[in-house]
Amino acid sequence: MQSLNRNTWSHNATYQEKVVQFGEGNFLRAFVDWMVDVMNREAGFNGSVVVVQPLAQGLVDKLNEQDGLYTLFLQGMKDRVAVKEHSVINSVSRGINPYTDHSAYMALASSPELRFVVSNTTEAGITYDPNDKLEDQPQNSFPGKLTAFLYQRYLELQGHEDKGLIIIPCELIDHNGDKLKKIVLQYSTLWNLEQEFVDWVEKCNTFCSSLVDRIVPGYPKDSIAEITEELGYEDGLVVVGEQFHLWVIEGPQWIKGEFPAEAAGLNVLIVDDMAPYRTRKVRILNGAHTGMMPVAYLYGLNTVGESIDHEVVGKYVREMLEQEIIPTLDLPREELESFAEAVIERFRNPFVQHYLMSISLNSISKFKTRNLPSLLEYVNRTSEIPSKLAFSLAALMMFYQGKRGEETYQVSDDAPNLEFYQALWGSWDGSMIGLEQVVMSALGNKAHWDTDLNIVPGLSHSVLKYVVNINQLGMEEALQLLMQE
């Protein structure tokens, strides 16, 4: 069987090299490179991606063997219908390994057609390494490599104002663009680079923070034999992603003219402030996961999909979103409801088995960052306790017992959290007064919540009521009582 490359694939097209991409992994290939491919076909972007391998070991050699081509499978819910489709991505022109071909990396810096830098070097990638030197070939850190790249471009193109780059990191850290720029300027100082270069970085290059959202399971090793038979060719770089995608880029509106994602029908937003969108994702998507997990698991369910499709549990999650989380957010209601509906569709993805126990890791800190802000803001705006969120908090306390009926399970969390709940439940004498002490102690743990939640008017009363119901009646009946309130 033939391998995928430009000799065996007949739909070749070549474009200007407009994007340099640090990272060759599954996510960028199923997200940014796919978007460039769509923009080329739908909006006349006429741009290709040069992939730079950020570590000594990577996939660039394999990418070059396939002439930058690979197959992307998108599978999931699309307009409420389960859709599985695939296409060959033709947006990558070549890959460069700066560890083995540093001259090609430096030569790329002087290319006048380059306009964008994107990256995904993991959350640990945007770090400062004081041991990096300008003369290193290459530098150890990604920001070090980028600084040397920008300096080479500045020198070769004589600091022309229109030869700066639009730099959009995709690493999952807050203010990723701001942090990357700060480290680039740190290297400029460490390496004693001229002030004119610093001014060029500041004035002629645009660093954008961004938020990315697409689940990318990656290479389908368990089904690659069937996929190869279906495709009719061998592809060592097959990547699988979900249908949903979102890229929020914090930057000037003029970027739309150079990066025509909106014109290509892509879900890319260029905004002045991405904070509301990050909050939206954390509160709605991540908050729904965390709020659902202990309730659904103690109910007897095991996956996100079966939970959201369950008559009672699914209704609970939707009402928690609609009635208690969305009202605490400041984006337009219609926009929030549309995002929440997309989240529900993603949870229903029949191609992904997302186990509740896999998302239960570190649930205390997750509830604190994802759900507690919604709970407290709801109280602040209405002076009432949000019953679904309070019930979820009660279920979380019960979850840390490690018991589901006659079954025991291992809770995964940091040792201090596990030790706290082990001691708390271990000391309970089975009495109602003892159960009240358990709830009061859990709510009052400032190490968990950074505050004593017992001071929130009515919260301890509500949580205790739900803990008692779950303990005495079981999750199924306790949840039914909640939904009848």
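Somewhere in the range 255-278, is a residue closer than 20 Å to Asn371 by Cα, under 21 Å from the mean Cα position of the chain (by Cα) and crowded, with 19+ Cβ neighbours inside 10 Å? Spell out the reasoning first.
The initial filter retains those residues of the range 255-278 that are closer than 20 Å to Asn371 by Cα, namely 274-278.
Subsequent filtering for residues that are under 21 Å from the mean Cα position of the chain (by Cα) retains 274-278.
Then drop every residue that is not crowded, with 19+ Cβ neighbours inside 10 Å, which leaves 274, 277.
The answer is yes, given that some residue of the range 255-278 is closer than 20 Å to Asn371 by Cα, under 21 Å from the mean Cα position of the chain (by Cα) and crowded, with 19+ Cβ neighbours inside 10 Å.
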- Item | Residue within the range 368-391 that is touching a residue at least 40 places away in the same chain (Cβ under 8 Å), assigned to a helix (DSSP H, G or I), more than 26 Å from the chain's Cα centre (by Cα) and under 22 Å from Gly305 (Cα atoms) present | yes
- Task: Would you be able to say whether some residue in the range 355-364 is at pLDDT below 95, touching a Ser or Thr at 6+ places or on another chain (Cβ under 9 Å), assigned by TED's automatic domain parsing to the domain that holds Ala447 and of a type in the set (Phe, Trp, Tyr)?
- Result: yes
- Which one is modelled with the highest pLDDT, of the residues in the range 208-251 that are among the small types (Gly, Ala, Ser) and surrounded by fewer than 19 Cβ atoms within 10 Å (Cβ to Cβ)? Gly236
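For the structure I just gave you, tell me whether Phe73 is within 30 Å of Leu157 (Cα to Cα), of a type in the set (A, V, I, L, M, F, W, C) and in contact (Cβ under 8 Å) with a residue 60 or more places away in the chain. Talk me through it step by step, then tell me what you get.
Numbers: within 30 Å of Leu157 (Cα to Cα): no; of a type in the set (A, V, I, L, M, F, W, C): yes; in contact (Cβ under 8 Å) with a residue 60 or more places away in the chain: yes.
Considered against the rule, which asks whether it is within 30 Å of Leu157 (Cα to Cα), of a type in the set (A, V, I, L, M, F, W, C) and in contact (Cβ under 8 Å) with a residue 60 or more places away in the chain, Phe73 comes out as no.
A quick yes/no check of all residues on (1) over 27 Å from Arg346 (Cβ atoms); (2) of a type in the set (D, E, K, R); (3) assigned to a strand (DSSP E or B):
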position	(1), (2), (3)
Arg41	no, yes, no
Ser48	yes, no, yes
Pro54	yes, no, no
Gly58	yes, no, no
Asp61	yes, yes, no
Ala82	no, no, yes
His86	no, no, yes
Tyr99	yes, no, no
Thr121	no, no, no
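Could you tell me whether Gly23 is assigned by TED's automatic domain parsing to the domain that holds Leu155, among the small types (Gly, Ala, Ser) and at positive phi?
On the way: assigned by TED's automatic domain parsing to the domain that holds Leu155: yes; among the small types (Gly, Ala, Ser): yes; at positive phi: yes.
For Gly23, the condition - assigned by TED's automatic domain parsing to the domain that holds Leu155, among the small types (Gly, Ala, Ser) and at positive phi - is met.
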- Report yes if Pro98 is in the same structural domain as Phe259 (by TED's automatic domain parsing), crowded, with 21+ Cβ neighbours inside 10 Å and at pLDDT below 95, otherwise no. no
- Residue list for the range 101-136, restricted to those being hydrophobic (A, V, I, L, M, F, W, C), surrounded by 15 or more Cβ atoms within 10 Å (Cβ to Cβ) and at pLDDT below 95: Ile126
- Query: Which residues, counting only those in the range 281-334, are among the β-branched types (Val, Ile, Thr), in contact with a strand residue (DSSP E or B) (Cβ under 9 Å, 6 or more places away or on another chain) and either in a helix (DSSP H, G or I) or at positive phi (or both)?
  - Reply: Val304
- If Ala423 passes every condition in (1) surrounded by fewer than 16 Cβ atoms within 10 Å (Cβ to Cβ); (2) part of a helix (DSSP H, G or I); (3) in contact with a helix residue (DSSP H, G or I) (Cβ under 8 Å, 6 or more places away or on another chain) but one, which one does it miss? (3)
- Note on the structure: Only unsatisfied item for Gly44, checking (1) surrounded by 15 or more Cβ atoms within 10 Å (Cβ to Cβ); (2) under 25 Å from Lys18 (Cα atoms); (3) of a type outside the set (Val, Ile, Thr); (4) in contact (Cβ under 8 Å) with a residue 60 or more places away in the chain, is (1)
- Does the range 309-320 contain at least one residue that is of a type in the set (Ser, Thr, Tyr), touching a residue at least 60 places away in the same chain (Cβ under 8 Å) and surrounded by 15 or more Cβ atoms within 10 Å (Cβ to Cβ)? yes
- Item | Tabulated pairs, the range 407-432, first in the same structural domain as Met357 (by TED's automatic domain parsing), second hydroxyl-bearing (Ser, Thr, Tyr), C-beta under 6 angstrom, 6+ apart or interchain | Val411/Tyr400; Tyr421/Tyr400; Leu424/Ser441
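Looking at Ala30, Ala13, Ala43, can you tell me which residue is of a type in the set (A, V, I, L, M) and at pLDDT below 95?
Ala13
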- Message: When the residues of the range 151-178 are narrowed to those that are touching a Pro at 6+ places or on another chain (Cβ under 8 Å) and crowded, with 19+ Cβ neighbours inside 10 Å, which ends up nearest to Asp213 (Cα to Cα)?
- Response: Asn176
- Close pairs from the range 254-278: first touching a residue at least 60 places away in the same chain (Cβ under 8 Å), partner hydrophobic (A, V, I, L, M, F, W, C) and part of a loop (DSSP other than H, G, I, E, B), Cβ under 7 Å, at least 6 apart: Pro260/Phe45; Val268/Ala261
- All but one of (1) among the charged types (D, E, K, R); (2) closer than 30 Å to Gly144 by Cα; (3) in contact (Cβ under 8 Å) with a residue 60 or more places away in the chain hold for Asp37, so report the exception by its number. (3)
- Item | Unique residue being under 20 Å from Lys281 (Cβ atoms), surrounded by 13 or more Cβ atoms within 10 Å (Cβ to Cβ), at pLDDT 95 or above and within 25 Å of the chain's Cα centre (by Cα) when the list is Glu345, Glu324 | Glu324
- Is there a residue in the range 342-355 that is assigned to a loop (DSSP other than H, G, I, E, B), over 23 Å from Arg278 (Cβ atoms), touching a helix residue (DSSP H, G or I) at 6+ places or on another chain (Cβ under 8 Å) and basic (Lys, Arg)? yes
- Message: Please pick out the residue among Asn417, Asn454, Asn471 that is touching a Gly at 6+ places or on another chain (Cβ under 7 Å) and in a helix (DSSP H, G or I).
- Response: Asn454
- Note on the structure: By residue number, the members of the range 74-95 that are modelled with pLDDT under 95, surrounded by fewer than 18 Cβ atoms within 10 Å (Cβ to Cβ) and touching a helix residue (DSSP H, G or I) at 6+ places or on another chain (Cβ under 7 Å) are Arg80
- Query: Are any residues in the range 137-149 surrounded by fewer than 24 Cβ atoms within 10 Å (Cβ to Cβ) and within 12 Å of Trp191 (Cβ to Cβ), and if so, which ones?
  - Reply: Gln139
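The values are calculated or read from the model by the stated rules, or taken from the named source; none is laboratory data. All values reported here derive from a predicted model rather than from experimental measurement. Neighbour counts run over all protein chains shown; Cβ positions are idealised from the backbone, glycine included.
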